[in-house]
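Let me begin by presenting the structure, written as structure tokens, before commenting on it.
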Amino acid sequence: MRFAANLSMMFTERPFLERFGAAAAAGFDAVEFLFPYDVPAERIKAALDAHGLTQALFNLPPGDWAAGERGTASLPGREDEFREGVATAIAYANVLDNRLLHCMAGIPPDGLERDAALALYTDNLRHAAAACAEAGLTLLVEPINNRDMPGYLMNSTALARRVIEAVGAPNLKLQFDLYHCQISEGDLATRIRANADLTAHVQIAGVPDRQEPDRGEVHYPYLFEVLASTGYRGFIGCEYRPRARTEDGLGWFHTASKQAAR
């Protein structure tokens with residue numbers, strides 16, 4: 001298993017650019033985060049290189065995050081903004097040597113029929129997947145539970161598979177967050193195996209509190225074995241909120257890393 005520290009949630013005791021060094025010092029060799037766009041790509045690349053880190057993943061621009069937007073791909077009238085965001089994300093990915101981009105589906109506005117939102121989302125994914133393919137990148141869709149993000153359009157692995165198959169782009173894959181899936185669907189081991197053919201990135205967190213993955217209702221050591229049995233060789237993003245100081249809760253990570261190295 002190869003773990004990537006999510007710097008939007010972990011090591012937040014420090015300013016953003018200082019989190020890279022903290023992650024490396026803790027033993028991580030890869031990182032991910034939600035959005036890089038407030039920091040010039042060259043400064044992020046310098047931080048990655050200074051600490052020998054791989055950039056595993058980040059998201060396309062989400063729209064107005066502070067106002068509650070969670071992606072523009074299913075928002076009518078925002079197609080030009082969405083395409084500009086795709087171009088911006090690809091430019092960052094090229095500088096950061098990042099190969100995976102996640103396209104947030106968005107929360108459709110009241111009054112928009114779900115089928116219409118899905119049709120718009122699918123059309124935007126076609127454009128984004130084609131643009132990413134030209135850049136040698138893989139585009140991801142991620143089901144997110146409606147408890148944490150009420151109204152979010154992409155909310156199940158079945159829907160993700162349906163949309164990915166409808167788009168039909170070989171570089172459109174699944175970002176499988178086991179925390180979200182446990183809340184929305186459960187039956188994690190079965191769903192990991194059923195979606196192994198599409199899964200390009202995995203994320204974890206403890207359930208139900210989204211803290212370290214060493215307590216709660218999900219037994220991650222077993223699921224790591226299931227992932228390995230499917231042939232998964234991608235990163236596992238640690239997208240959780242530490243209970244206290246990040247380093248104090250990494251016992252699970254050191255144990256899992258040692259087991260993976262055997």
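Counting only protein heavy atoms and a 1.4 Å probe, tell me what percentage of the chain's accessible area is made up of carbon and sulfur. Accessible surface attributable to carbon and sulfur in the chain totals 49 percent.
Between the alpha-carbon centres of the range 155-200 and the range 104-120 there is a gap of 19 Å.
Residues whose amide H falls under 5 Å from that of T54, counting only those 5 or more places apart or on a different chain, are A30, V31, with hydrogens built in the peptide plane. How large is the dipole of the range 180-252 about the Cα centre if only Lys and Arg carry +1 and Asp and Glu carry -1, each at its Cβ, rounded to the nearest 20 debye? My answer is approximately 100 debye.
Among H254, A91, L57, pick out the residue whose Cα is farthest towards the positive end of the charge dipole of the chain, where Lys and Arg carry +1 and Asp and Glu carry -1 on C-beta, about the Cα centre. Ranked along the dipole, the leading option is H254. Summarised as an ellipsoid, the range 22-92 has semi-axes of 28, 12, 9 Å, derived from the eigenvalues of the Cα gyration tensor scaled by 5 and square-rooted, with the largest first. Summary of packing: across the peptides 120-126, 34-40, the per-residue average of other C-beta atoms within 10 Å ranks them, highest first, as 120-126, 34-40.
Taking θ as phi - 60° and the Karplus parameters 6.51, -1.76 and 1.60, the scalar couplings of the range 105-117 work out to 6, x, 10, x, x, 4, x, 8, 4, 4, 4, 5, 5 Hz in sequence order, x denoting glycine and proline. Near the amide H of A4, within less than 5 Å, lie the amide hydrogens of I236, G237, C238, all on another chain or at least 5 residues away, with H placed in the peptide plane.
Contact order for the chain, expressed relative to its length and based on alpha carbon pairs under 8 Å spaced 6+ residues apart, stands at 19 percent. How large is log10 of I(q)/I(0) for the chain at q = 0.07, 0.08, 0.15 Å⁻¹ when the intensity is taken from the Debye formula with one equal scatterer per alpha-carbon? For the requested q values the scattering log ratios are -0.22, -0.29, -1.12.
The values are calculated or read from the model by the stated rules, or taken from the named source; none is laboratory data. This structure is a prediction, so every number in the text was calculated from the model and none was measured. Backbone-built Cβ (ideal geometry, glycine too); neighbour counts: all protein chains shown. Protein only, heavy atoms only, side chains kept; ligands, DNA and RNA dropped before computing areas. Shrake-Rupley method; radii C 1.70, N 1.55, O 1.52, S 1.80 Å.
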